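Enquirer: For reference, the structure I am asking about is given below.
The values are calculated or read from the model by the stated rules, or taken from the named source; none is laboratory data. Given the structure is predicted, the values throughout are model-derived calculations rather than measurements. Virtual Cβ from ideal backbone geometry, glycine too; neighbours counted across all protein chains shown. Protein only, heavy atoms only, side chains kept; ligands, DNA and RNA dropped before computing areas. Shrake-Rupley method; radii C 1.70, N 1.55, O 1.52, S 1.80 Å.
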Amino acid sequence: MRHGISKSFFGASRACLAPMAGYSDAPFRLVCAGLGADFAFTGLVSADGLSRGVKKSEALLDRLEGEAPLGVQLFGANPETLSRAAAIAGGSG
C-alpha cells in the first residue's frame, strides 16, 4: 500500500476515517461506518487524562455496536504515561 502502511494491518479496507478532534466520536464513526468506512480513529486522546481516569478522556474511547475497527490516537510527553494509556486503550475493546 502507499505511504508504507501495511496491507496486513488494514486488510482489504478501502476507506479509512481520519482522526478529527471534536468530530470523531462514536456516533459520527458509526455513521461513517454505515457509509463505507472500514476503519476509523479517535480524535486526540490525552495519555495523561486517560491514565488518571479522567472521564472526558475515557469517553473518547466509547464505542457503539456496528462501528468499524478503531485506532486510538494518543498524545503526551511522558513515555511511561503513554505506555499506561496505550494499555488502557488496548483493553477498551
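Enquirer: If each of Val31 and Arg52 carries a label point 7 Å out from its Cα toward its Cβ, how far apart are those two points in nm?
Expert: 3.2 nm
Enquirer: Let me ask another. Under 12 Å from a point placed 7 Å out from the Cα of Ala87 along the Cα-to-Cβ direction: which residues of region 41-62 have their backbone N that close?
Expert: 51
Enquirer: Now, a different point. Quick check: residue separation of Leu64 and Arg14 times 0.36 nm, minus the Cα distance between them. What number comes out in nm?
Expert: Residue separation times 0.36 nm, minus the Cα-Cα distance, leaves 15.9 nm.
Enquirer: How much area per residue is accessible in region 20-77 when the probe is 1.4 Å and only protein heavy atoms are counted (Å²)?
Expert: Normalised by residue count, the accessible surface of region 20-77 is 57 Å².
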